[in-house]
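Below: one structure, written as structure tokens.
The values are calculated or read from the model by the stated rules, or taken from the named source; none is laboratory data. A quick note: this is a predicted structure, and the numbers were derived from the prediction, not measured. Cβ coordinates were reconstructed from backbone atoms using ideal geometry, including for glycine residues, and neighbour counts include every protein chain displayed. Ligands, DNA and RNA are stripped out before the accessible areas are found, and what is left, the full protein with its side chains, is counted by its heavy atoms. Shrake-Rupley method; radii C 1.70, N 1.55, O 1.52, S 1.80 Å.
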Amino acid sequence: MEASSRWSAWWRRDRQRTGADAGGADSPAARLDLLLAAVRVGFPVAPAAHPAGYRCSCDRVGCPAPAQHPVSFAWQSQATTDTEQLTRWLSRDPQTNFITATGRAHDVLDVPAEAGRLALARLTELGVEGPVAAVGEERYLFFTATRGTPEDEDEWWSSALDTHPDTVSEHPGLRWHCRGSYTLLPPAALPDGSEVRWLRGPEQPLPDPLRVLDVLTDACTEVGAVAEEQWLIG
């Protein structure tokens, strides 16, 4: 509680010092507002690594996902919608990125950016709402309602697109993040200077995943994001 109070007090001083916008979208106060907005609508979060120069803060030699992975192997049990816990994490490391655990409150359909731009325009024309984020210039993340975790496991159906953290390279085109997976939560910084940012915010209602999937599948086919050899993960 003490750490949380220190962060909250700093945040209030920052807003008072720089005005309501607190220095713009990249300011600590604006960043906190965006993270809290996602947590308050039910997105479970856990701390992730962040850039340390051109490297990952985890200091792992040859980190395969710099600034894009959780800090702890226990991220699934850590992930929470507790706003006080979020502020405690930020008070300890204001630079930390956050991941959001999928398959609980939401799923995420993750596609190459070219397909994502095409699909977003079509979904807008169709009146299909929902949060959408961009991961630098590489990927688009479409947040949808989740297939959930039914009490009867026989009712949960798997998909060939299902992605887990250790199988991302198996889905270089369209990925479906559901149970046991995660994505970075905007706003987040990447080592190459790019960022994960909202294109449509978390306040948007979560759409039916199958409706979004239909549009994304067509878009991926049109831009050639189906064949694995065309979408290798670097």
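Return the FRET efficiency for the residue pair LEU36, ALA121: r is the Cβ-Cβ distance, R0 is 30 Å, and the value is rounded to the nearest 0.05. Working shown, then result.
Values: r = 30 Å, r/R0 = 0.98.
So the FRET efficiency works out to roughly 0.50.
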If Lys and Arg each add +1 and Asp and Glu each add -1, what is the summed charge of the other residues whose beta carbon sits under 14 Å from the beta carbon of GLY116?
0
In square angstrom, rounded to the nearest 10, how much accessible surface does TYR140 have for a 1.4 Å probe?
20 Å²
On a full-extension model of 0.36 nm per residue, what is the gain between GLU203 and ALA52, subtracting their alpha-carbon distance, rounded to one decimal in nm?
51.3 nm
